[in-house]
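S.K.: Please see the structure below; I have some questions.
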Amino acid sequence: MVDVAIVGVGLHPFGRYEGKSALEMGADAVRDALADAGAQWRDVQCAYAGSMEVTNPEAVVGLLGLTGIPARAVLNGCATGNTSLTMAAKAVESGEHDLAIAIGLDKHPRGAFAADPSVSGLPGWYGEAGLFLTTHFFGMKATRYLHEHGLTTATLAKVAAKNFRNGAANPKAWRRKPISEEEILASPVLNHPLTQYMYCAPNEGAAAVLLCRADQAHKYTDKPVYLRASQLRSRRLGAFELLSPSLPLETAPSPTVDASRAAYEEAGIGPEDVDLAQLQDTDAGSEVIHMAENGFCKDGEQESLLAQGQTEIGGRLPVNTDGGLIANGEPVGASGLRQVYEIVTQLRGRAADRQVPGSPKVGYTHLYGAPGTAAVAILST
C-alpha cells in the first residue's frame, strides 16, 4: 500500500446558477483542480463522482474529454463527498491507479429537504406536505441537547454569527454578509430553538480533489497535502433515532463518534493535534454537538469555548473557516469536498483574509447525514 497525496483542488462557488447544470459546474471544478496541480485531464486514470440529484454524475467526464477511464457514481447522503474521496484514495493506495479524481456536484431546488422515504419509512407525501422535514429533526435534536447539557440559544447564535463572518471573508462563499448574534436570535423561529439564520440551505455547486501516489506528488505541486485517514461509519442500533429524537434511546454512540475514533487511530493522532476543523453545520446546533462528538471538548463545554473565541480563526481550534454550510449552503454531493478544498487551502497558507495563523499542519473534516451516517478525514502537510 502506498501513501496518498492531494495535489489539486477545485471549487465551483456554491449558490444559485440559473441555466447552468450540475454537470457543467462539476466540469468547471475539475478544470480548476487540474490547473491547481498543473495536470491535464488525459493524465487522470479514474474518477469517482457523487451527487444526490443527478443520477449519473459520472457523466461529467463527457464534458472533459472521452478518454475511456473508469468513472463511477457514488451516493451516501451528506457523506457523499467523503465517499468519493475515499474511493479515489483507495484506487491510488492499492496501486491500481497513480492519479485519481474525486468529484462532487449537485443542483437542489429551493426549500428544505423532505424526509427521504427510503430512510424514514414514511410515505413520500408526508415530507412534501411539511409534516416531517430535516429542519424538524435538527430542531428536536438541538432542543434535547441544549436541555441536557445546560446550553443556551445564545450559543447557537454565536456559532451562526461566526460562520457568517468567516463566509464574508471567503470570496467563494454564497452568503457573504455578516449577521450579528442579535439579528440571528431575532430572525423567525423555524423549528425551536433554531431560527432562520441558524440553518444552512440546499443550493448548487461542485468541488473536485485530485489525488496521486505520495512519491509522485512532486510532479504536480511543491505543497502536497497528505490524506492521513478517511473513515465512514453508519448508525448502530440504539444510537440517536431519526423518528424519536426526544426519547432516551442512546445505548450506542453516534456514528460520528465511531468515525472520529477510527480516523484518529488510522492517522495516529488525537484531537489535541488538530489545528483546524470543518464540522457539519447543517444548523448551528449540529456544529455545537459535533464539537463534542469529534472529541474536541466534552458535552456542555461548548458555551465557554465559544465565549472565549476558541473556534474563531485566531482561536485554539478554528472551526468552519470558510463559513461552513451556514455561509456556503449545501449541494449535498459537493459539500464534503468543499471541506477538503478549504483544509488544503489553509494548510498551504493560501486562505488570505481568513488564513489561520501559525502555519497549521493538521486539518480535520467531518460529515453527518442521512441522518445516521458519519464520515471523517484527516489531512496534514
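S.K.: Under the 0.36 nm per residue contour assumption, what length would be gained going from the current alpha-carbon distance of TYR226 and LYS177 to full extension?
M.R.: 14.3 nm
S.K.: Charges only on Cβ, +1 for Lys and Arg, -1 for Asp and Glu: so what's the dipole of the chain about the Cα centre, in debye to the nearest 20?
M.R.: It works out to roughly 460 debye.
S.K.: With each run of n ≥ 4 DSSP H residues scored as -39500 (n - 2.57), what mean residue ellipticity at 222 nm is computed for the chain after dividing by its residue count and rounding to the nearest 500 deg cm²/dmol? Before the final figure, lay out the partial values.
M.R.: Details: 12 runs with 127 residues, N = 381.
It comes out at -10000 deg cm²/dmol, rounded to the nearest 500.
S.K.: Between ARG110 and ARG316, with labels modelled 7 Å along Cα→Cβ, what's the label distance in nm to one decimal, could you check?
M.R.: 4.3
S.K.: As I understand it, the value is the acute angle between the Cα axis of helix 255-267 and the longest principal axis of the Cα atoms of the chain; what does it come to in degrees, rounded to 10?
M.R.: Helix 255-267 sits at roughly 40 degrees to that axis.
S.K.: Suppose every K and R has +1 on its Cβ and every D and E has -1 on its Cβ; what is the size of the dipole of segment 259-344 about the Cα centre, in Debye to the nearest 20?
M.R.: That gives segment 259-344 a dipole magnitude of about 80 debye.
S.K.: Restricting the count to DSSP beta bridges whose residues both fall in the chain, what percent are antiparallel, rounded to a multiple of 5?
M.R.: Close to 75 percent.
S.K.: I need to check one value: relative contact order of the chain, counting alpha carbon pairs closer than 8 Å and at least 6 residues apart, in percent.
M.R.: Working: 927 pairs, mean separation 96.6, N = 381.
Computed value for the chain: 25 percent relative contact order.
S.K.: Follow-up question, since we're still on this one. How about segment 285-349: which trypsin sites (Lys or Arg not before Pro) there are in a DSSP loop, with at most 15 other Cβ atoms within 10 Å of their Cβ?
M.R.: On the way: sites: LYS298, ARG316, ARG338, ARG348; in loops: LYS298, ARG316, ARG348.
In loop regions of segment 285-349 (DSSP not H, G, I, E or B), the sparsely surrounded trypsin sites (Lys or Arg not before Pro) are LYS298, ARG316.
S.K.: Also, I was wondering about something else. Give the residue from VAL332, VAL362, ALA351 lying farthest towards the positive end of the charge dipole for segment 310-381; charges sit on Cβ (+1 for Lys and Arg, -1 for Asp and Glu) and the dipole is referred to the Cα centre.
M.R.: Farthest along the dipole direction, towards plus: VAL362.
S.K.: OK, next. In degrees between 0 and 90, to the nearest 10, how far off the longest principal axis of the chain does helix 332-347 point, with axes built from Cα atoms?
M.R.: Between the helix axis and the principal axis of the chain, the angle is about 70 degrees.
S.K.: Just to check I understand the Karplus step: with θ = phi - 60° and J = 6.51 cos²θ - 1.76 cosθ + 1.60, what whole-Hz values come out for segment 195-201, glycine and proline as x?
M.R.: Those phi angles translate into 9, 3, 8, 9, 10, 8, 9 Hz.
S.K.: Same structure again: For segment 1-100, state which chymotrypsin sites (Phe, Trp or Tyr not before Pro) are in a DSSP loop and have at most 15 other beta carbons lying within 10 Å of their beta carbon. Before the final figure, lay out the partial values.
M.R.: Working: sites: PHE14, TYR17, TRP41, TYR48; in loops: TYR17.
Passing sites in segment 1-100 do not exist.
S.K.: Here's another thing I want to ask about it. Going by alpha carbons, how many degrees (0 to 90, nearest 10) lie between the helix axis of 134-149 and the longest principal axis of the chain?
M.R.: Roughly 60 degrees between the two axes.
S.K.: Count charges around PRO331 for me, please; just the other residues with Cβ under 10 Å from its Cβ, Lys/Arg as +1, Asp/Glu as -1. Provide the component values of the computation, followed by the final result.
M.R.: Working: positive: LYS107, ARG338; negative: GLU53, ASP106, GLU204, GLU330.
Net of charged neighbours comes to -2.
S.K.: Hey, another quick one. In segment 132-243, if the dipole is taken from +1 on Lys/Arg beta carbons and -1 on Asp/Glu beta carbons about the Cα centre, which of SER187, GLY167, THR143 is farthest to the positive end?
M.R.: In segment 132-243, that residue is GLY167.
S.K.: I've got another one for you. With +1 on the Cβ of every Lys and Arg and -1 on the Cβ of every Asp and Glu, and nothing else charged, how large is the dipole of segment 38-102 about its Cα centre, in debye rounded to the nearest 20?
M.R.: 60
S.K.: Taking a ≥ b ≥ c as the square roots of the eigenvalues of the Cα gyration tensor of segment 251-298, is the shape rounded (a/c under 1.5), prolate (a/b larger than b/c) or oblate?
M.R.: Oblate.
S.K.: Something else about it: On full extension of the chain, what length is gained from SER304 through ALA262, given 0.36 nm per residue of separation minus the C-alpha to C-alpha distance?
M.R.: Details: separation 42, 0.36 × 42 = 15.12 nm, distance 2.77 nm.
Between SER304 and ALA262, full extension yields an extra 12.3 nm.
S.K.: Going toward the positive end of the dipole of segment 177-306, with +1 on Lys and Arg Cβ and -1 on Asp and Glu Cβ, which of ILE269, TYR199, GLN231 do you reach last?
M.R.: Working it through, the farthest residue towards the positive pole turns out to be GLN231.
S.K.: Can you sort SER234, SER84 from fewest to most other Cβ atoms within 10 Å of each residue's own Cβ?
M.R.: Lowest count first: SER234, SER84.
No value in this document is a laboratory result; all are computed from the given coordinates. In this text the structure is predicted, and so the values were computed from the model without any measurement. Virtual Cβ from ideal backbone geometry, glycine too; neighbours counted across all protein chains shown.
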